[in-house]
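K.L.:
One structure, as structure tokens, below. Some questions next.
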Amino acid sequence: MEFETVIGLEVHVQLSTRSKMFCGCSADYAGASPNTHVCPVCLGLPGVLPTINEEAVRYTVMTALALNCSILEETKFDRKNYFYPDLMKGYQISQYDAPIGKKGRLEIGPAEAKKRVAITRVHLEEDVAKLLHRDGYSLVDVNRSGVPLMEIVSEPDIRSPEEARDYLVKLRSILQYLGVSTANMEEGSFRCDANISIRPVGSSELMGKVEVKNMNSFRAVYRALSYEEERQRKAFISGEKIAQETRGWLEEGITVLQRSKEYAHDYRYFPEPDLPPLALSAEYINGVRKSLPELPEARQKRFITDYGLSPYDSMVLTTDKAMADYFESCIDLDKSKPVPEYAKEVANWLLGEFSHNLASAEINIDNSPVAPDKLCRLISLIDEGKITMAVAKDVLAEMFSSGGDPYDIVQARGLLQISNSAELEEVIKEVLANNPQAVSDYQQGKPQAIKFLVGQVMKRTKGRANPNLAADLLSKKLEVK
Amino acid sequence: MALSKEEVSRIAELARLKLDDGEVEKFTTQLSYILEQFQILQEVDTTDIPPTAQATPIKNVLRKDEVKPSLSVEEVLANAPDREGDFLRINTVLG
Ligand SMILES: [Zn+2]
């Protein structure tokens, strides 16, 4: 039997406001000592009055607009009641029946095969305190309590773990372009829960819907959903009932039961009486719409038309805003060069050797020790024929480790390309003398033997010889012989 | 409708409040009085009045995104029954 997977994603995003959602405590608690960003409001003391952070509302409206949602003219906050020690007040201020944004969409996949995922809602709420579990007791740090949290819920339109990953990558990219969140999964500013079920292809019947939690990276989401898809398929085939339940992902590669449906919460939502409703005027919404920055899709198109990049290269470059900014800084630094050729050269470096160096040093492009002007200088050295491609790769690696300037590195290590016939003659003489077999192969009509000889020249010059010049000189010598 | 001292003690326990005998006495009188006031309110006919969570027509009360000073850790933990370093310490909960 063929099965179809049905996935809906719920993403929580911490907003990058300066202060918390309903009080003036600093929202930047990373690295802060415990319970130092706390006031009576976020501590949940009785008798306090929360006040809405206008920037958090603006960020949420921006996000809702970027996701093509309609913005409700009148929106309000509600109390979601439950008891857990991470919740200081015994309720979380959230939005229930009047979220800021509703009915949007996000498109995923390549331009030629776009897939639309409907967005159910975008709403605003507050984060909860952090618990640390010890042996026999727990510790509470209230710093995170009250940090603005935006929730983005998709319809169950996603059909595979790959699509789920594409959706998250695209969503994160949009949030980073909007500048509303750092959207970093490992740091907890971007969290994802998934609902997943399977059904026989063609059937609209849904089996037990399983909620998967505790996935702390894109890779974890992908692995957890792949695991869960397979677990449910096997259960179905063996005739087991797939229970509606909450399961947690464990890094060793399995999901385990956390809570069965019997304990499903009744949150007893009711309107938050301490917060007057919000009426967002058409003027306000239009103002926010006009202020939206260029988004990844628009930038991707612009990279194709302005720089002549391939759709694939421009997609990969623009998905990470910092990478796209880096690319454009490089282009702006050298306006004298012909655009498509230079753009292609920069793109190749960024997507290839440069990304490779970032990955092996485990650093983000924002913290790259190689600034755009230095990468440009390296590319210029190649374009001017001063160094070979092989040398350039070594130089880039050294730039990453020492932070040095490419020209200084080339000078200090004597890496300038040998484009001078006289200098190469000497090396070529030696190579010919040491490789009689290749020489006779060539003379007996195997022209490809010259490649081996050029390789030997490159080796002896540690990659510094101009390979075209070396080939020319070699063939001349061989003809004469 | 008067509350009993036992009911007030039970409410205090649920709210994790420690009351001495004098306070129990005082709040039994006060809370009973509040209940009486609500009984009067309940006599008002609200048949055609839509429910609301807001008592005023005020909308859009927002604040600028500005950081204000927080409490000191000592103030934050002043009411905590138990602490460990600068953390609140609580009975164990299941993650
Ligand atoms: Zn606070």
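Bear in mind that the values in this text are calculations on the coordinates, not laboratory data. Note that the structure is a prediction, hence the values are computed from the model and not measured. Ideal geometry is used to build each Cβ from the backbone, glycine not excepted, and the neighbour counts take in all protein chains shown.
K.L.:
Per residue of B:80-87, what is the mean number of Cβ atoms on other protein chains within 10 angstrom of that residue's Cβ? Could the numbers behind the result be given before it?
P.N.:
Numbers: counts 2, 0, 1, 3, 7, 4, 6, 11.
Per residue, the average neighbour count from other chains is 4.
K.L.:
Here is a follow-up. With +1 on each Lys and Arg Cβ and -1 on each Asp and Glu Cβ, how big is the dipole of the range A:296-413 about its Cα centre, in debye rounded to the nearest 20? Write out the running numbers ahead of the final one.
P.N.:
Details: 12 positive and 20 negative charges, 37 e Å.
With Lys and Arg at +1 and Asp and Glu at -1, about 180 debye.
K.L.:
If you don't mind, another one. Would you please name the chymotrypsin sites (Phe, Trp or Tyr not before Pro) within the range A:253-350 that are DSSP coil residues with at most 16 other C-beta atoms within 10 Å of their C-beta? Let's see the in-between values first.
P.N.:
On the way: sites: A:Tyr263, A:Tyr267, A:Tyr269, A:Tyr284, A:Phe303, A:Tyr307, A:Tyr312, A:Tyr326, A:Phe327, A:Tyr342, A:Trp349; in loops: A:Tyr267, A:Tyr269.
Filter output for the range A:253-350: A:Tyr267, A:Tyr269.
K.L.:
Let me ask something else. Can you list which of the GluC sites (Glu not before Pro) found in the range A:335-376 are DSSP loop residues with at most 10 other C-beta atoms within 10 Å? Mind showing how you got there, number by number?
P.N.:
Values: sites: A:Glu341, A:Glu345, A:Glu353, A:Glu362; in loops: A:Glu362.
Filter output for the range A:335-376: A:Glu362.
K.L.:
Kindly provide the chymotrypsin sites (Phe, Trp or Tyr not before Pro) of the range A:51-142 that DSSP labels as loop, not H, G, I, E or B, and whose Cβ sees at most 10 other Cβ atoms within 10 Å. Don't skip to the answer; put the middle values down first.
P.N.:
Numbers: sites: A:Tyr59, A:Phe77, A:Tyr82, A:Phe83, A:Tyr91, A:Tyr96, A:Tyr137; in loops: A:Phe77, A:Tyr82, A:Phe83, A:Tyr96.
Passing both the DSSP loop test and the Cβ count: A:Phe83.
K.L.:
As an exercise, take the mean of 1/r over every pair of distinct alpha carbons in the range A:1-120, invert it, and state the Kirkwood radius in angstroms.
P.N.:
Details: mean 1/r = 0.0580 Å⁻¹.
Result for the range A:1-120 stands at 17.2 Å.
K.L.:
Taking 1 over the mean of 1/r across every pair of different Cα atoms in chain A, what Kirkwood radius in Å do you get?
P.N.:
Every distinct Cα pair counted, the radius reaches 26.7 Å.
K.L.:
How crowded by other chains is B:56-62, given as the mean number of beta carbons from other chains within 10 Å of each beta carbon? The partial results should precede the final answer.
P.N.:
Values: counts 1, 2, 2, 7, 10, 10, 11.
Other-chain Cβ atoms within 10 Å of each residue's Cβ, averaged: 6.
K.L.:
With an 8 Å Cα cut-off and a minimum separation of 6 or more residues, compute the relative contact order for the range A:296-413 in percent.
P.N.:
It rounds to 21 percent for the range A:296-413.
K.L.:
If Lys and Arg each add +1 and Asp and Glu each add -1, what is the summed charge of the other residues whose beta carbon sits under 15 Å from the beta carbon of A:Ser401?
P.N.:
Local charge sum for A:Ser401: -3.
K.L.:
If I take every Cα pair under 8 Å that is 6 or more residues apart in chain A, average their sequence separation and divide by the length, what percent do I get for the relative contact order? Display every interim value, and only then the final one.
P.N.:
Values: 830 pairs, mean separation 64.1, N = 481.
Over chain A, the number comes to 13 percent.
K.L.:
Also: Can you give me the distance in nm between label points at B:Ser72 and B:Ile34, each placed 7 Å from the Cα along the Cα-to-Cβ direction?
P.N.:
Label at B:Ser72, label at B:Ile34, 3.2 nm between them.
K.L.:
Just how far, in whole angstrom, is the range A:138-191 from the range A:312-335 if you go by their alpha carbon centroids?
P.N.:
Between the Cα centres of the range A:312-335 and the range A:138-191 lies a distance of 24 Å.
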